[in-house]
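Novice: One structure coming up, written as structure tokens, with questions to follow.
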Amino acid sequence: MGPERKNPWRCASAYKGGDACTTCHEKEIEAIGTKIVAGGEIEPTPIPGKRGTINASIQAAHDDENLYVRIQWPDGGHNPAPFVDGGKMDPDNQIKVAMMITGTGIEMGETTGCWSSCHADNTYMPFDPGAEAIAANADVAAQLEAKETITKYLTESRTKVEVKGRRGKAQGGWDKLKTAEEIDQLLADGTFLDLLRVYADGTASNGYLLDRRVANDGEMSAEANLSGGVWTVVFARPLASGAPGDVPLEPGKTYTVGFAIHDDFAAARFHHVTLNTSFALDDDAAQINVIKQ
């Protein structure tokens, strides 16, 4: 797993050509991660000592009702973030783990996975609008329930997202929000990223990404612990809960998933992520074959 890059739009031409992230970058993950954490144009606010990649193992299984996922990786110690008082961006969570399952109708969703929610105006990104601009756009802020920052979102939830930024245009589209009725229809159509999150104390949240990050009523259980220098996170959810924002997992279908690890008290974009990963029940052609137990 490598850290998320500052500007995910650098690969836009390849995306439009239909290539998956792994087509070009699967063998470059370690090199890319090392380059990002070193700082420079790609990462102007590096964290000294942050590792470029995390070697994590992922196991998955299912029974007739539930999905079970187990993730393990070595702890990397603490490297204070110099741009945060106390050096810890999220002092309450030494680690956070997320799994995102791609729904339907997402542009480039099958080839990019969770990267489809990354935009240049997300928190800590170059065009993060800031609290003042968000407050000045009261109607949009109210619909997004936003005060100081803009969470990740899908392009499908906006009327326009500026990508190229030519002639000084701000990149992103946080304030180009579609109507609440249009957002509801996208949710009903399955156009969202199913988002499962586990925190350092073993608590968890089930939700989704569409116009913003939303928690839903989907069932989920989890645990997390650090032992012998190794983190172990285990979580479970129903294969098909029926809750809005939960992608139903069915035999015979292949899904695009992504995993993210916030280690060392990191927050926002300062996390390690996988590239697009195939995921299926009882199918050894998938990168993650979820075997029935």
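The values are calculated or read from the model by the stated rules, or taken from the named source; none is laboratory data. What you see is a predicted model, and the numbers here were worked out from it, not measured in a lab. Don't worry about glycine lacking a Cβ; one is built from the backbone with ideal geometry, like all the others, and counts go over all protein chains shown. SASA here: full protein model, heavy atoms, side chains in, ligands and nucleic acids out. Shrake-Rupley method; radii C 1.70, N 1.55, O 1.52, S 1.80 Å.
Novice: Is there a residue being open to solvent by 90 Å² or more (accessible area, probe 1.4 Å), farther than 13 Å from H119 by Cβ and in contact with a Leu (Cβ under 8 Å, 6 or more places away or on another chain) anywhere in region 163-170?
Specialist: Taking every residue of region 163-170 in turn, none turns out to be open to solvent by 90 Å² or more (accessible area, probe 1.4 Å), farther than 13 Å from H119 by Cβ and in contact with a Leu (Cβ under 8 Å, 6 or more places away or on another chain).
Novice: Looking for whichever is part of a strand (DSSP E or B) and either modelled with pLDDT under 95 or β-branched (V, I, T) (or both) here; the options are I42, I32, I58. Which one fits?
Specialist: The match here is I58.
Novice: Being over 27 Å from I42 (Cβ atoms), small (G, A, S) and outside any strand (DSSP E or B) is true for just one of G207, G202. Which residue is that?
Specialist: On the way: G207 fails: outside any strand (DSSP E or B).
Exactly one of G207, G202 is over 27 Å from I42 (Cβ atoms), small (G, A, S) and outside any strand (DSSP E or B), namely G202.
Yes/no per residue for (1) modelled with pLDDT of 95 or more; (2) out of contact with any Pro (no Cβ under 6 Å at 6 or more places or on another chain); (3) closer than 18 Å to N122 by Cβ; (4) open to solvent by less than 20 Å² (accessible area, probe 1.4 Å):
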site: R237; (1), (2), (3), (4): yes, yes, no, yes
site: T254; (1), (2), (3), (4): yes, yes, no, no
site: G258; (1), (2), (3), (4): no, yes, yes, yes
site: A268; (1), (2), (3), (4): no, yes, yes, no
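Novice: If you don't mind, another one. Quick one: is A224 out of contact with any helix residue (DSSP H, G or I) (no Cβ under 6 Å at 6 or more places or on another chain), closer than 26 Å to D63 by Cα and touching a residue at least 60 places away in the same chain (Cβ under 8 Å)?
Specialist: The answer is yes for A224.
Novice: Taking E182 and the conditions (1) assigned to a helix (DSSP H, G or I); (2) open to solvent by less than 50 Å² (accessible area, probe 1.4 Å), which numbered condition does it fall short on, given that it satisfies the others?
Specialist: Going through the list (1) assigned to a helix (DSSP H, G or I); (2) open to solvent by less than 50 Å² (accessible area, probe 1.4 Å), E182 breaks only (2).
Novice: Another question about this same structure. Only one of T151, T155 is over 11 Å from D121 (Cβ atoms) and open to solvent by less than 50 Å² (accessible area, probe 1.4 Å). Can you tell me which?
Specialist: T155
Novice: Continuing with this model, one more query. Identify the single condition in (1) assigned to a helix (DSSP H, G or I); (2) open to solvent by 10 Å² or more (accessible area, probe 1.4 Å); (3) under 20 Å from T274 (Cβ atoms) that T112 does not satisfy, given that it satisfies every other one.
Specialist: If we test T112 against (1) assigned to a helix (DSSP H, G or I); (2) open to solvent by 10 Å² or more (accessible area, probe 1.4 Å); (3) under 20 Å from T274 (Cβ atoms), just (2) comes out false.
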